[in-house]
Amino acid sequence: MKKWSTERILTVGTVVVVFVVWFLVTAIGNVSETIIPSPASVWESFVDVAKDGYKGHTLLQHLATSLQRLVIAYLLVVVTAVPLGLLSGYNSKIRAILEPIVEFYRPLPPLAYYTILVLWMGIDEGSKLALLYLAGFAPVYISCVAGVIRIKEDYINGAKTLGANKWQIFFYVIFPAALTDVFTGLRTALGVEYTTLVAAEMVAATAGMGWLVLDASNYLRSDIVFMGVIIMGITGILLDRIIRFVEGKVIHWKGRS
Amino acid sequence: MSDTWKEKLYEPSDELISVENVNFKGQESRVEGEELISINNVDLSYTGNTGPIKALENINFNIFPGEFICVLGPSGCGKSTLLKILAGFIQPTAGSVKLDGEEIKGTDWHRGVVFQNPPLYEWFSVRTNVAFGPKMRGVPKEEYEKLTEEYLEKVNLSEFADKKIYELSGGMKQRVSIARALINNPEILLMDEPFGALDALTRESVQDLTRKIWWETGKTIFFITHDVEEALLLASRVIVLSRHPGKVIEDIQVNFSRQIIEEGATDIKFSPEFYKYREQLLRLINSQ
Amino acid sequence: MKKKFLKLAAVVLTLSLTASAFTGCGKKKETGKATKVTIGTLDLVNGDLIAQYEKWYETELGVEVNIIKFDSGKDINSAIASGSIDFGQEGTSPAALAIANGLDVQVFWIGDIIGEAETLVAKNGSGISSLKDLEGKKIGTPFASTAHYSLLNALKLEGIDENSIEILDLQPDDIYAAWQRGDIDAAYVWHPVLAKLLEDGTAITDSAQLAQKGIVTADTNIVRREFAEANPEIVTKFVELQLKANDVINNDSDKAAEQIASVLEIEKTDAAEQITQFEYLTAEEEIDYLENSFAETLKNTADFLVEQKSIKSAPDLETFQDKVTAEYVKAASK
């Protein structure tokens, strides 16, 4: 048997404690199913929804719909926020243009401007993707800017003394040197997009995990809400793991220099 | 130039003075008008909390081709600032610095720099780091690949060419850094306390390597250090800066480095002459 | 290794026991008289707004009163479930849900019967002139609301397969946005958005017509049973205020419109128009509804939600009868 570290035991222990407390509370606590559904009924609703689907879509379709929205918005963030953030860090003029916009909308709660997005882009995928995109853009942009600013001047000076021009410095020095921060931003963005997913699926969605949770809560189906939340939580962890895996592959030098 | 310390503290011996204006094995030419770099009336001030602070004042000297100049001075005397001006990272507040008669306006590859903490690119292998300069400058692939192997060989790193940067020791990193700067064949190599962070044994070996490269390539080297012994063991000329603001208070020629190379005088640092120079310079610096 | 796991087991056990002990004491029975009452309102156009305008709750209930505005019956249900509010106001759909999900509440008052105040409107030029024309179209309505319930029943009565229509879950202001952009062809919704939609839309059917066909939707007042049993006189007083308010609406609609307009900050003419689109009951009618048909109305609503697979199951009629009570209206009208 592999030796478990104390930390690992504590982590697993915490999960076990949460489950045991959940079980005990619902078994002996005399709590209404609406407030805390029992693990058994959550499991039942999981089996149910997995087998028969929820309101016209299977569980996998709900999950796939959400993931599709998430991934599309996320890719848009990657291809726009990363270059714009890096360029903003590199060139103070570009930063002067973009930063006030990002600083302005970043602290706004997504719901505050969602109605405007719906007015502009309609109730279909466009406004949902836009909401997720905006949610993810800010953290990536900001950490890219910070990542470039943090780069030691000698890195750039060194490249200049070796004969690299501005663009070469950007691609061969700035970009790789900022990668650690880029990935921090990307991980944060995934989390923020995930938390915005429920909001994004509030308007005129007919499928998606966020919508499933919202709709179930409309009908006080706490068992399905719990199930949905747990599935979203696990998916969130998995997505984060994927990014961390990619990060480890890309930044092979991380933590070793 | 100031002869004050010689007058006050030290009676210079004829032998030593005779070193002046000697061409080292044809590698140095100290002919006025043929200087590589001329530094004229350079001042540098920056704005501190309590108004402008002067870091360098009225710096005047020429650098001739093939010289190995070591700049000595107490910490905070602005010696690194002087190197930054030569590299083109910063502009002097007053005065001018010319390379081959042309004012230095910015940073380019004609002046290679070796930093104290080598900013090697961790995302590249040792080989790619060395090849960086010619690759960026658009040197044909075949050519820069050949050059890379050549310079890796020069710094004895051929067998580490495919290693990652984090796998190297401090001395190896500095050797990569030197190869990376030399491969561009710059007109001058600027070294900013490059061996300050290394342990004694490693330092000695990279010093030997640097001296050897200087001798073999005839490269002009401008080397900042706070270590008097290091300066004497490497330089053909030692310049001492004063503290706050940095002014040139001594500029002498020495030939210990040459003796080590030509005569294999590895124990020269135990010689009375060496000792004398060391003592004088130390006293000069400590009197600041 | 073994030791570590033993330790772990011990920690798990202790924490678990502590946690369950807490939940054990958490549920304390309400016995004493309330000194403070929290009322959840949706600002529905009925007696509640008159009472709010006149500050009757604050001055006549005899206890400290806290009024909280909610956006939907769903939120009222959550607040009731968590014990955050004592009284709540909601439509028949959320009320049926509350009972079906075992929330310990009593339905003690019908604020209004919904008439033309909830209407299915089709956008002019969308080619919809009857329910039959809806096939293949997009319709917006807030899910789990009375309007949603009415829409689905209207389709069912016409024998239209709801899967042939795209029904979208939109809150009223989003309905207005989607309507303006032409994203939806029709909507089943209430005021004030309804009035705006009617400016370039046509009414296809409404809740008054559906009520005639037996699909009754209404707005009700519910109370936490524990609170009601401990403080029956407050509930009775609450009903007295509603009766007094309904008197104003039914007998001096001009004054009622003015007061409602003032609370909602809308035009008096709009308020006056909206009042005509609801039915407000007298004490006798209330008692009749609450004693006879209302439990069935809620049961039908719940059954329909089961049919829709929105809830797992609906309890039997007795459960609904148990939760619907006329006793406070009776006490108040004595």
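Every condition in (1) closer than 14 Å to C:Ala147 by Cβ; (2) at pLDDT below 90 is met by C:Arg181 except one, and the failing one is (1).
How many of the residues making up region B:138-167 are within 14 Å of chain A (Cβ to nearest Cβ), touching a Leu at 6+ places or on another chain (Cβ under 8 Å) and either part of a helix (DSSP H, G or I) or modelled with pLDDT of 90 or more (or both)? It would help to see each step written out before you state the result.
The first filter runs over region B:138-167 and keeps only residues within 14 Å of chain A (Cβ to nearest Cβ), leaving B:138-139, B:144, B:147-148, B:151, B:162-167.
Those left that are additionally touching a Leu at 6+ places or on another chain (Cβ under 8 Å): B:139, B:151, B:165.
Next cut, either part of a helix (DSSP H, G or I) or modelled with pLDDT of 90 or more (or both) only: B:151, B:165.
Total satisfying the criteria: 2.
A:Asp124 satisfies every condition listed in (1) farther than 17 Å from A:Gly210 by Cα; (2) at pLDDT below 95 except (1).
Could you please find all residues in region C:58-73 being surrounded by fewer than 24 Cβ atoms within 10 Å (Cβ to Cβ) and within 8 Å of the chain's Cα centre (by Cα)? Before you say what the answer is, go through the steps one by one.
Of the residues in region C:58-73, the ones surrounded by fewer than 24 Cβ atoms within 10 Å (Cβ to Cβ) are C:58-72.
Residue satisfying the conditions is C:Ser72 alone.
Apart from one condition, C:Trp179 fits all of (1) in contact (Cβ under 8 Å) with a residue 60 or more places away in the chain; (2) surrounded by 20 or more Cβ atoms within 10 Å (Cβ to Cβ); the exception is (1). Would you be able to say whether some residue in region A:87-104 is within 14 Å of chain B (Cβ to nearest Cβ), over 30 Å from A:Ala205 (Cβ atoms) and in contact with a Lys or Arg (Cβ under 6 Å, 6 or more places away or on another chain)? Checked region A:87-104: no residue is within 14 Å of chain B (Cβ to nearest Cβ), over 30 Å from A:Ala205 (Cβ atoms) and in contact with a Lys or Arg (Cβ under 6 Å, 6 or more places away or on another chain).
Considering region C:79-102, and only residues there that are at the interface with chain A (Cβ under 10 Å from one of its Cβ atoms) and surrounded by fewer than 22 Cβ atoms within 10 Å (Cβ to Cβ), the residue that is farthest from A:Ala216 (Cα to Cα) turns out to be C:Gly83. Taken residue by residue, region C:123-141 has no member that is in a loop (DSSP other than H, G, I, E, B), under 20 Å from the mean Cα position of the chain (by Cα) and either surrounded by 17 or more Cβ atoms within 10 Å (Cβ to Cβ) or within 14 Å of chain A (Cβ to nearest Cβ) (or both). Every condition in (1) touching a residue at least 24 places away in the same chain (Cβ under 8 Å); (2) under 30 Å from C:Leu155 (Cα atoms); (3) in a helix (DSSP H, G or I); (4) within 14 Å of another protein chain (Cβ to nearest Cβ) holds for C:Glu291 except the one numbered (4). Only residues that are crowded, with 18+ Cβ neighbours inside 10 Å and either farther than 26 Å from B:Gly196 by Cα or hydroxyl-bearing (Ser, Thr, Tyr) (or both) were counted in region B:40-76, giving 1.
Does C:Phe304 fit the bill of being at pLDDT 95 or above and either assigned by TED's automatic domain parsing to the domain that holds C:Gly40 or farther than 23 Å from C:Leu49 by Cβ (or both)? Before you say what the answer is, go through the steps one by one.
On the way: at pLDDT 95 or above: no; either assigned by TED's automatic domain parsing to the domain that holds C:Gly40 or farther than 23 Å from C:Leu49 by Cβ (or both): yes.
Taking the combined requirement at face value, the residue does not satisfy it.
Here's the yes/no breakdown for (1) within 14 Å of chain B (Cβ to nearest Cβ); (2) over 30 Å from A:Ala177 (Cα atoms):
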{"position": "A:Gly126", "(1), (2)": "no, yes"}
{"position": "A:Leu134", "(1), (2)": "no, no"}
{"position": "A:Pro139", "(1), (2)": "no, no"}
{"position": "A:Ser143", "(1), (2)": "no, no"}
{"position": "A:Ile149", "(1), (2)": "no, no"}
{"position": "A:Glu153", "(1), (2)": "yes, no"}
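Can you pull out the residues in region A:200-223 that are in contact with a Ser or Thr (Cβ under 9 Å, 6 or more places away or on another chain), free of Cβ contacts under 8 Å to residues at least 24 places away in the same chain and not small (Gly, Ala, Ser)? Passing the criteria: A:Asn218, A:Tyr219.
Among what's in region B:48-82 and is outside any strand (DSSP E or B) and over 21 Å from B:Asp227 (Cα atoms), pick the residue that is farthest from the other protein chains (Cβ to nearest Cβ). Filtering first and then ranking leaves B:Thr50.
Of all the criteria given as (1) within 14 Å of chain A (Cβ to nearest Cβ); (2) within 30 Å of C:Glu226 (Cβ to Cβ); (3) in contact with a strand residue (DSSP E or B) (Cβ under 7 Å, 6 or more places away or on another chain), the one not satisfied by C:Phe108 is (1). Residues in region C:158-176 that are assigned to a helix (DSSP H, G or I) and either basic (Lys, Arg) or touching a strand residue (DSSP E or B) at 6+ places or on another chain (Cβ under 8 Å) (or both) were compared, and the one that is modelled with the lowest pLDDT is C:Asp174. Look at (1) modelled with pLDDT of 90 or more; (2) closer than 24 Å to B:Leu198 by Cβ; (3) outside any loop (DSSP other than H, G, I, E, B) and you find that B:Ile85 fails only one, number (2).
Only residues that are β-branched (Val, Ile, Thr), closer than 25 Å to A:Asn218 by Cα and surrounded by fewer than 17 Cβ atoms within 10 Å (Cβ to Cβ) were counted in region A:4-35, giving 2.
Scan C:Leu281, C:Leu298, C:Leu317 and give me the residue that is crowded, with 19+ Cβ neighbours inside 10 Å and either in contact with a His (Cβ under 8 Å, 6 or more places away or on another chain) or farther than 28 Å from C:Leu61 by Cα (or both). The unique qualifying residue is C:Leu298. Listed by position, the helices (runs of 4 or more DSSP H) inside region B:196-288 whose residues that are under 14 Å from the mean Cα position of the chain (by Cα), assigned by TED's automatic domain parsing to the domain that holds B:Ile63 and within 19 Å of B:Gly171 (Cα to Cα) number at least 2 are B:200-217, B:228-234.
The values are calculated or read from the model by the stated rules, or taken from the named source; none is laboratory data. This is a predicted model, so every value here is computed, not measured. All Cβ positions, even for glycine, are placed from backbone atoms using ideal geometry, and neighbour counts span all protein chains on display.
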